[in-house]
Amino acid sequence: MATEREYGLFIDGESTEAASGEFRDLVEPASGDALARAAMAGEADVDRAVAAARSALDGPWGKTPPIERSRLLHALADAVQANRKELAELEARNVGKAIASVKLELHQGVENFRFYASATASIAGRSNPIGGSLLHYSLKEPVGVAAQIVPWNYPLMLATWKLAPALAAGCSVVLKPDPATPVSALRLAELATEVGFPAGAVNVVPGEGPTTGAYLVSHPGVDKVAFTGSTESGGEVMRLCSRPIKRLTLELGGKSPNLVFADANLADAIPSAVWGIYYSAGQSCEARSRVLVEAPLYDEFVAAFAEAAGRLKVGDPLEPETQMGSLISTAHRDKVHAFVEQGRDEGAEVVLGGEPGDRGAFYPPTVLAGVENRMVVAQEEIFGPVVTMIPFEDEREALRIANDTKYGLYATVWSGDPARGHRLAARIKAGGVAINMPYTALTGIPFGGYKQSGFGRELGLETLDSYLETKSVVVSTSAKPFNPFGL
Ligand code: NAD
């Protein structure tokens, strides 16, 4: 069983011990049971991983043409598909997440490798007709060694979001997963090597963020940093990248609104709004954690939402029927609960949930009603299964509340008036807006934030470009000699 394993770091095409010999005991947050042991990287290991990534670029990986990179990415997609059972179980145990959700995320992971395998065909420079006797063309070159940092909420899927475009572009990668959830990324790196990615193209170094992570992003051998995590850590990573002027993309937090108008089709809006917050137990950057409801509908909507949320199947992550598993840790559960208590103190009414479970890291679906947007529970990212219900009077006020946040990741509009959907889509300050549909993070569609939700895009063709440099080459075709100073 993979779950009984001891995991090393993955550097230069093989599993290896940490120089310090440090290990972390991983637990299953849903039960508190031991899962596995994983080596934790320190500075010497990061040095080794960055050196391996550089040699790969200077060696066989740097000479691998796009068409061969495409073949390798398809092979990796096949390998993930073939190993999906093991990967899904490992991820569900390690994160405490419902296995039904993990299966969807795995499916997207496979699609991501396939999308960027095809996207290698789009890597091309251009030639501009600049006139005279000048010829210009541009070359697209991989940025170099990419440091990629991912959080614990979607360890496997976010690793695919990061690895696929970087490898398609021809970069080599040093990926740092969260120390609590390293196992699926380590398995991905093993599979990448098995299908033929050259040693050093993919390295995985789990470790603590403020030490190992900060050392990695500051490393002089790293050319580009792609970070997914909290806005606070993202700010620190940006500071670390500022002196050496590293290329940087940031996917950060959110407090995304669901706008429900009285003319909405509630048969769609209610189950979708429930899904929008409780998927992954609310531990999603784009969780629709603020539900803004038009005043005449408010009481009816809150009651129907709470009734539906109360029917969610919360429990053992490995049970196929489970819809919501546990949170990532009991420490995180306590943080979530502290927010709910703060909401109570601020005057919100707990309509559903609001008390931690008595086993594992479980927290029930929780609904806070009577929330005003200025309250802490409406402004701060709770990152748990807690929704805030906020009434609004008209479209103008809905827009004002939707934009009254430091974040700008996603928004959803539910309305029977299509013009209103498009009008709001143009005015909401967020990287994405969904109209009358729940889904947002889809392969091929750019995903990312406005404001403090970050910059750069994942999942789209833009992402590929963020791993490429553009080099302009200019040539004179003139027969005349040059004498710029007229000497
Ligand atoms: P976090 O910022 O604490 O940690 C995220 C990752 O960054 C971890 O691997 C951590 O070890 C590392 N890290 C932390 N400090 C670092 C530093 N100084 N230098 C380098 N690395 C560092 O975030 P978290 O609480 O683990 O994850 C949840 C956050 O991630 C939420 O805010 C969520 O919204 C965000 N998130 C965003 C997206 C997106 O696409 N926008 C997706 C998923 C999660």
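The values are calculated or read from the model by the stated rules, or taken from the named source; none is laboratory data. Small disclaimer: the values here were computed from a predicted structure and weren't measured. Every residue, glycine among them, receives a Cβ derived from its backbone with ideal geometry; neighbour counts consider all protein chains shown. With ligands, DNA and RNA removed, areas are computed over all heavy atoms of the protein, side chains included. Shrake-Rupley method; radii C 1.70, N 1.55, O 1.52, S 1.80 Å.
Checking each residue in segment 170-181 for being more than 21 Å from HIS219 (Cα to Cα) and open to solvent by less than 10 Å² (accessible area, probe 1.4 Å) picks out only THR181. Would you pick out the residues in segment 119-138 that are more than 16 Å from ALA166 (Cβ to Cβ) and either among the polar types (S, T, N, Q) or open to solvent by less than 70 Å² (accessible area, probe 1.4 Å) (or both)? Residues satisfying the conditions are ALA124, GLY125, SER127, ASN128, GLY131, SER133, HIS136, SER138.
Quickly run through segment 206-229 and pick out the residues that are in contact with a Gly (Cβ under 9 Å, 6 or more places away or on another chain), open to solvent by less than 50 Å² (accessible area, probe 1.4 Å) and either near the ligand (Cβ under 9 Å from one of its atoms) or of a type in the set (A, V, I, L, M, F, W, C) (or both). Within segment 206-229, GLY207, GLY209, THR212, GLY213, LEU216, VAL222, ALA226, PHE227, THR228, GLY229 qualify.
To keep it simple, each residue is scored yes or no on (1) open to solvent by 10 Å² or more (accessible area, probe 1.4 Å); (2) among the β-branched types (Val, Ile, Thr); (3) closer than 20 Å to ASN373 by Cβ.
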site: CYS285; (1), (2), (3): yes, no, yes
site: GLU294; (1), (2), (3): yes, no, yes
site: GLY310; (1), (2), (3): yes, no, no
site: GLY315; (1), (2), (3): no, no, no
site: GLU319; (1), (2), (3): yes, no, no
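Of all the listed residues (ALA226, ALA180), the sole one being in contact (Cβ under 8 Å) with a residue 40 or more places away in the chain and assigned to a loop (DSSP other than H, G, I, E, B) is ALA180.
Within segment 84-101, being without any contact (Cβ under 8 Å) to a residue 60 or more places away in the chain and either touching an Asp or Glu at 6+ places or on another chain (Cβ under 7 Å) or within 20 Å of LEU163 (Cβ to Cβ) (or both) holds for ARG84, ALA88. Considering only residues that are outside any loop (DSSP other than H, G, I, E, B) and farther than 16 Å from ASP178 by Cα, which ones fall in segment 1-42? Scanning segment 1-42 gives ALA2, THR3, GLU4, GLU6, ILE11, GLU14, SER15, THR16, ALA34.
Within segment 236-259, being more than 6 Å from the ligand (Cβ to nearest atom) and either of a type in the set (Asp, Glu) or open to solvent by less than 40 Å² (accessible area, probe 1.4 Å) (or both) holds for LEU240, CYS241, LYS246, LEU248, THR249, LEU250, LYS255, SER256, PRO257, ASN258, LEU259.
The lone criterion from (1) among the aromatic types (Phe, Trp, Tyr); (2) open to solvent by 10 Å² or more (accessible area, probe 1.4 Å); (3) farther than 29 Å from ILE328 by Cβ left unmet by TRP61 is number (2). The requirement of being more than 8 Å from the ligand (Cβ to nearest atom) and either surrounded by 24 or more Cβ atoms within 10 Å (Cβ to Cβ) or under 18 Å from the mean Cα position of the chain (by Cα) (or both) is not satisfied by LEU191. Of note, ALA75 satisfies the criterion of being open to solvent by 10 Å² or more (accessible area, probe 1.4 Å) and in contact (Cβ under 8 Å) with a residue 40 or more places away in the chain. Annotation note: Cβ proximity below 6 Å between a residue of segment 285-304 that is farther than 30 Å from PHE455 by Cβ and a residue that is more than 16 Å from the ligand (Cβ to nearest atom) and open to solvent by 30 Å² or more (accessible area, probe 1.4 Å) (sequence gap 6+ or interchain) occurs for VAL293/PRO391; GLU294/ALA262; ALA295/PRO391; ALA295/GLU393; PRO296/ALA262; LEU297/ALA262; TYR298/PRO391.
Taken together, the residues in segment 408-444 that are touching a strand residue (DSSP E or B) at 6+ places or on another chain (Cβ under 8 Å) and either within 11 Å of the ligand (Cβ to nearest atom) or not aromatic (Phe, Trp, Tyr) (or both) amount to 24.
For segment 401-413, taking the residues that are open to solvent by less than 10 Å² (accessible area, probe 1.4 Å) and of a type outside the set (Val, Ile, Thr), the one that is farthest from the chain's Cα centre (by Cα) is identified as ALA402. Kindly indicate which of LEU464, LEU487 is more than 25 Å from the chain's Cα centre (by Cα) and not aromatic (Phe, Trp, Tyr). Being more than 25 Å from the chain's Cα centre (by Cα) and not aromatic (Phe, Trp, Tyr) holds for just one of LEU464, LEU487, which is LEU487. Looking only at residues of segment 447-477 that are in a loop (DSSP other than H, G, I, E, B) and under 14 Å from LEU158 (Cα atoms), we find that the one that is nearest to the ligand (Cβ to nearest atom) is GLY448. The number of residues in segment 160-188 being within 10 Å of the ligand (Cβ to nearest atom) and of a type in the set (Ser, Thr, Tyr) comes to 1. Return the only residue of SER133, SER138 being in contact with a Gly (Cβ under 7 Å, 6 or more places away or on another chain) and either without any contact (Cβ under 8 Å) to a residue 24 or more places away in the chain or of a type in the set (S, T, N, Q) (or both). Of the residues listed, the single one that is in contact with a Gly (Cβ under 7 Å, 6 or more places away or on another chain) and either without any contact (Cβ under 8 Å) to a residue 24 or more places away in the chain or of a type in the set (S, T, N, Q) (or both) is SER138. Pairs meeting the criteria (first residue in segment 470-487 and touching a residue at least 24 places away in the same chain (Cβ under 8 Å) and surrounded by 10 or more Cβ atoms within 10 Å (Cβ to Cβ), second residue of a type in the set (Ser, Thr, Tyr) and outside any strand (DSSP E or B), beta carbons under 9 Å, at least 6 apart or on different chains) are SER476/SER133; SER478/SER133.
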